[in-house]
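Only one structure is covered here, and it is reproduced in the block below.
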Amino acid sequence: MKLFVYGTLREGCKANDTFLKDFIIKKEQGYVKGSLHNLTNRSFPALIDGDQMIVGDVYTLSDDFDFTLMDEYELYYGEGNKNNLYNRVLIDIYDEQCNFKESASAYMYNLKREHSIDELGPIIKSNDFFFFF
């Protein structure tokens, strides 16, 4: 199973150690098409639809990985739930030359949730959460 992460779940972050570290078989760099934003009054990013190439980590996870704890962390309550902070979706992954490589699960910010637009902060111009600060 593949998972694309672009924020606090990337290698070197505490959330990675908590939720993913023990299940990662392989890590690669990858890119997705989108727009990366800082969230107001929060210390994590939001990925929404867009045409920029957003950098992140693509993890191959062991078969015993379970999304339950990750879903709680991302405030994902199930497909189509209007209260999701993030939606877990299947997303296309690209290489540095913008060539399609594969698909992976990812958490994208839920713009349909009440007040989500108000929380959407400035675009992270580097397209890399690690280089926002």
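The values are calculated or read from the model by the stated rules, or taken from the named source; none is laboratory data. A quick note: this is a predicted structure, and the numbers were derived from the prediction, not measured. Ideal geometry is used to build each Cβ from the backbone, glycine not excepted, and the neighbour counts take in all protein chains shown. With ligands, DNA and RNA removed, areas are computed over all heavy atoms of the protein, side chains included. Shrake-Rupley method; radii C 1.70, N 1.55, O 1.52, S 1.80 Å.
Table for the structure above
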{"read-out": "Residues located in segment 3-49, provided they are open to solvent by less than 10 Å² (accessible area, probe 1.4 Å) and in a strand (DSSP E or B)", "value": "L3, F4, V5, G30, V32, G34, L36, L39, P45, A46, L47"}
{"read-out": "Complete set of residues in segment 55-88 that are of a type in the set (A, V, I, L, M) and open to solvent by less than 20 Å² (accessible area, probe 1.4 Å)", "value": "V55, V58, L61, M70, L85"}
{"read-out": "Residue, least open to solvent (accessible area, probe 1.4 Å), within segment 89-131, restricted to residues that are acidic (D, E) and closer than 15 Å to I54 by Cβ", "value": "D128"}
{"read-out": "Within segment 50-66, tally of residues that are assigned to a strand (DSSP E or B), of a type in the set (D, E, K, R) and without any contact (Cβ under 8 Å) to a residue 40 or more places away in the chain", "value": "1"}
{"read-out": "Residues satisfying the stated conditions in segment 15-74, i.e. among the small types (G, A, S) and modelled with pLDDT of 95 or more", "value": "G30, G34, S35, A46, G50, G56, S62"}
